[in-house]
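Just below is one structure, and these are the notes that go with it.
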Amino acid sequence: MKKISVLILLVFSCVMFAETASAKSKKVAVYVEGRISKDDKSIVNSAVLARMSGNKDYTPFERNEAFINALNREQDYQLSGEVPEKEIRAVGERLGVDYVLVVNVVINKDDICHMSAKLINLETGEIEKTTNQHREYTDSSVLTALANNVAYRLLNKHSK
């Protein structure tokens, strides 16, 4: 009887630990902006989500299309495709995410791809981390590589 009680206690402890660990994961929506095509935005978004999928601290928010559509309906949406941070925060809060990872992509006339990103805590409005990367743009694989690097730098506790 004592062995069964210990076994039950051990199983219960493991279940509680697993639930506590998963409860700490923060939901993150990804928003890609910049003067690039819709297809290129999709490539960047997919690369960021792929990098996030292995992170235990952050859970990707799956309804990114809903997030983008909600932003598009906002009154302050600008023709340049860049949305004010306050609108991003408002939409994120309405959709129930804890953070928004905003990625801005610009490919200049010299074929240099500049990618900057910030991780915004929606509860406090604080920008928790930012990063900037650039690389010569040869094809869409550059977007994938940069987005992967940007997501890693923002979501990894040990990166700077």
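The values are calculated or read from the model by the stated rules, or taken from the named source; none is laboratory data. As the structure is a prediction and not an experimental result, all values here were calculated from the model. Note that each Cβ is placed from the backbone with ideal geometry, even for glycine, and that neighbours are counted across all protein chains shown. Heads up: the accessible areas ignore ligands, DNA and RNA and are worked out on the full protein's heavy atoms, side chains in. Shrake-Rupley method; radii C 1.70, N 1.55, O 1.52, S 1.80 Å.
Odds and ends about this structure:
- Pairs, first of a type in the set (V, I, T) in region 105-116, second open to solvent by less than 50 Å² (accessible area, probe 1.4 Å) and part of a loop (DSSP other than H, G, I, E, B), C-beta under 6 Å, six or more apart: V105/I36
- Condition check for I68: within 29 Å of H134 (Cβ to Cβ), open to solvent by less than 70 Å² (accessible area, probe 1.4 Å) and either modelled with pLDDT under 85 or touching a His at 6+ places or on another chain (Cβ under 7 Å) (or both): yes
Let's see how each residue does on (1) open to solvent by less than 20 Å² (accessible area, probe 1.4 Å); (2) on the phi > 0 side of the Ramachandran plot; (3) at pLDDT below 85:
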residue: M52; (1), (2), (3): yes, no, no
residue: E82; (1), (2), (3): no, no, yes
residue: Y99; (1), (2), (3): yes, no, no
residue: D111; (1), (2), (3): no, yes, no
residue: L119; (1), (2), (3): yes, no, no
residue: N132; (1), (2), (3): no, no, no
residue: S140; (1), (2), (3): no, no, no
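- Breaking point among (1) crowded, with 17+ Cβ neighbours inside 10 Å; (2) in contact with a Leu (Cβ under 7 Å, 6 or more places away or on another chain), for V103: (2)
- Selection count, region 86-97, where residues are touching a strand residue (DSSP E or B) at 6+ places or on another chain (Cβ under 7 Å) and either farther than 21 Å from Y58 by Cα or open to solvent by 50 Å² or more (accessible area, probe 1.4 Å) (or both): 1
- Contact map, region 41-59: first residue closer than 11 Å to Y152 by Cα, second residue open to solvent by 40 Å² or more (accessible area, probe 1.4 Å) and assigned to a helix (DSSP H, G or I), Cβ cut-off under 7 Å, separation 6 or more or different chains; pairs are A47/T144; A47/N148; R51/N148; R51/Y152.
- Selection from region 37-48 of residues that are more than 16 Å from the chain's Cα centre (by Cα) and modelled with pLDDT of 90 or more: S37, D39, D40
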